Structures are given as C-alpha cells and as structure tokens.
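What follows is one structure encoded as structure tokens, with my remarks underneath.
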Amino acid sequence: MKRNYIKWYVLAVLAVLAVVYFTVPAVRNYVGQMAGVLASADVGAVADYIRSYGATAAVISFALMVFSSVVAPLPAFLITFANAAIFGWWQGAILSWSSAMAGAALCFFLARSLGRDMVEKYAGKGALASVESYFKKYGRNTILICRLLPFVSFDAVSYFAGLTPIGFWAFFWATGVGQLPATVVYSYVGGMLTGGVKYVVTALLCIFALSIMAAIAKSIYNERQAKKTDEENS
C-alpha cells in the first residue's frame, strides 16, 4: 500500500514537471540548452556553459550531472573534464563524484518507486537488458563490479538496481567505491589535457559511449526479431 502511494506521488511529480516543461517556454528552452550543450560532445562548450554562471557554476555543474544521469543518458565524462578544467582536478573530482552519486541515487529511487514496466518505458528496455546479465552473474557484487567497468552504462545499472531487492545503502556505498577511481582518473587526465590532445581524447571517449548505445540498440533489435520469429512460428 505504501509503495503504491509513493508510486503515484512520484508519477504526480513527474506529470507536474512535464506540464511545466511543455507550457513554460523559458523552462523548455533552458532544458533544451542543457541537452544541446551535452550533445555537442565538446568539452570546451560544456566548460564555457558552466563558467557562464559565475559564482553558481558549481551548482549548475551539479545539476547538469544529475540531468545527464536521469533525463538524458549522455556522456558524463564531458562534465567531469569540464569540472577539472574549471575547478582544478581534485576539486573537480569531488564535484563530479558527488553529483554522479546524486544522479545514481535518483535513478535508483525512481526505479524502486515506479517498478519495471514504467522504468522500461522511461529508461529503455534495451538499456536494462544490457546490464541484467551482470546482475544474474555477479549477484550482490554486481554494483561494485559494474562501476569499475567503463563500458557498462552508469545510468542503466542505477535504474536496474532499483528493481532488485538490494538495499539502498548497499547500492549507494558500492556505487561510491566503484565510481571513485574512474572519476579521479578522468579528472586528473582532463585537467592536464589541452588543445588538440583534449579533442582527440574526447572524440575517443565519445566513440566509446556511442558503441555502448549501439550495443543497446542491437540488443533491442535482436529482441524484436526473436519475438517476431516466435510469433510467426506459433
């Protein structure tokens, strides 16, 4: 009963946010601008966007990371690089790590509240299927292992974890420990990159991220083909 109450409350909040987005042009333009900056795959553009907010730059960076985790599954390392360039590598690492943790927690909470059917519609069935095998294989250690693997979708793991019996704090600590090494490395490397080298590394990471998306798309296609074949044979 309590879970159903929470589910409807979350759905109501999401509905209100959707209404605000579609009826308030300023909000829609702002969200579109954020998505456009991230989709540009340009570290310089992301850094310039964050810097433009002056004293509140850290707050905007935090919001941008959460946005990229929950609403737009776009490469978060762009924000990590930008944070290192703006705030220095270790300050940037702290900001990137804490904001990524907030995004992961929100994904987990949404999945736990809404259930699998709603999450599949929201996050994508293929995205969840891409990490389900890891949960079956590694059990309780899945969260930590997946956080250490750069080719596993950060957001998909967070969403799927919310659909499992794992407790929030077990998920939270495993995410924190597993995510820390990658965040520190990206921040340190991002702080040192300049000029053409930065664009080369960014391009490689973008290609890497796109390969993940392609794998998810392939999984969806194979699933649909298998379903179509079963229907034809039945």
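Taken together, the values in this text are just the output of simple stated rules run on the coordinates, not laboratory data. Just so we're clear, the structure is a prediction, and the values are computed from it rather than from any experiment. Every residue, glycine as well, gets a Cβ built from its backbone with ideal geometry; the counts of neighbours run over all protein chains shown.
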| task | Would you mind getting me the FRET efficiency between K137 and V19? Use the beta-carbon distance for r and R0 = 45 Å, nearest 0.05. | result | 0.60
| request: Go through 163-172, 97-106, 36-45, 22-31 and give me the packing order, highest mean Cβ count within 10 Å leading. | output: 97-106, 36-45, 163-172, 22-31
| request: Give the Rg (one decimal place) followed by the Dmax (whole number) of segment 1-106, computed from C-alpha coordinates and expressed in Å. | output: 15.3, 49
| query | Near the amide H of G162, under 5 Å away, which other amide H atoms are found, from residues 5 or more places off or on another chain, if H is placed in the peptide plane? | reply | none
| note | Put in order of increasing Cβ neighbours within 10 Å, starting from the fewest, T183, T229, T80 give T229, T183, T80
| said: Can you tell me the length gained on complete extension of the stretch R116 to V10, counting 0.36 nm per residue apart and subtracting the Cα distance? | reply: 36.7 nm
